[in-house]
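Asker: Pasting a structure below so you can have a look.
The values are calculated or read from the model by the stated rules, or taken from the named source; none is laboratory data. The structure displayed is predicted, hence computed values, not measured ones. Note that each Cβ is placed from the backbone with ideal geometry, even for glycine, and that neighbours are counted across all protein chains shown.
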Amino acid sequence: MKIYISTYSSDLILHVLSYNLILIAWSVKYITFFAVCKNIKEFRARIQSNWNSLKDNQENEIICKHGLYGKLFTIFIAVIAEMMCVTATESFSLSNAVHAFGLFKIASYRMKNVLNEIDPHMCVTKKYFVTRNKIMAAVDFHRRAIEFSELLKTSFGPSYLFILTFGICSASINFVHIFREIMADNREVIEIIKSAFLIMIHLVYFVLGNYAGQEFINGDTLYYNTICKTNWYNAPLKTQKLILFVLQKTTKCYKVDAGGMFVPCLEGLATSFSMSLSYFMVLYSM
């Protein structure tokens, strides 16, 4: 078996270089800062000296205006970098959650087909062994789904609770800020837009997090409903007992929780919105 396969084509080279040249260029830019670290310190010292050399308010306004441009560029790039970090971490969590949803659906699919393709003329003992193996396969994937979901819960549940708590407080504060800006005589449109943007980010995060939690509940509920809908009366007696045993074990719906204190679901989403509005009313009345 070949580990490496060498191929050559101009399209492949162009495709690879289109990405790698950008990475190489930015790597050189990053390394340059280490190479000229003494000059970086000199920049800061000269900027301080230039500011100290200003003589009147007009000069101060000119340099402050250009300093504001640099500040805005820094904020813009910092926001992009932060969004990239958030996107990377949240996409990883959501991708694994979607994988868990798939495991639940596979378990439901296997349970649905437990009694399919069973020859009615097959002897009872053979029917039992065939159906037992199918039930074991379905239960195995349901176990895998639960274990994978538990790994997600223990890994990211506490941090989600932390983010949810501060997110509710932050959303309430931004609601207060945006209403006070709207009611003020000298309202600032930029502040209103910033607060509205932050509120939208909170709402999207709440919706996605609670929707993912609801999908865990839906996946386990689908598995339970599939068991209930099986034609158990056509199965051998021992198989009926197995189905009854599995049914009893899955009566309690599986739910992921955040730190053992909050269950992400549609009801949890309504609770998050309600708490945000309640805190907003309290803060706004103060």
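Asker: Working only within region 223-273, note down all residues that are at pLDDT below 85, among the hydroxyl-bearing types (Ser, Thr, Tyr) and over 14 Å from residue 115 (Cβ atoms).
Answerer: 250, 251
Asker: Among 167, 157, which is the only one that is of a type outside the set (D, E, K, R), buried (at least 19 other Cβ atoms within 10 Å of the Cβ), under 20 Å from residue 209 (Cα atoms) and touching an Asp or Glu at 6+ places or on another chain (Cβ under 7 Å)?
Answerer: Being of a type outside the set (D, E, K, R), buried (at least 19 other Cβ atoms within 10 Å of the Cβ), under 20 Å from residue 209 (Cα atoms) and touching an Asp or Glu at 6+ places or on another chain (Cβ under 7 Å) holds for just one of 167, 157, which is 157.
Asker: Quick one: which of 270, 212 is assigned to a helix (DSSP H, G or I), of a type in the set (Gly, Ala, Ser) and surrounded by 15 or more Cβ atoms within 10 Å (Cβ to Cβ)?
Answerer: The unique qualifying residue is 212.
Asker: Hey, can you tell me all the residues within region 107-166 that are at negative phi and not in a helix (DSSP H, G or I)?
Answerer: 113, 114, 115, 116, 118, 119, 120, 121, 122, 123
Asker: Please work out if residue 224 is over 30 Å from residue 178 (Cβ atoms) and surrounded by 12 or more Cβ atoms within 10 Å (Cβ to Cβ).
Answerer: Here the answer is yes, as residue 224 does meet what is asked.
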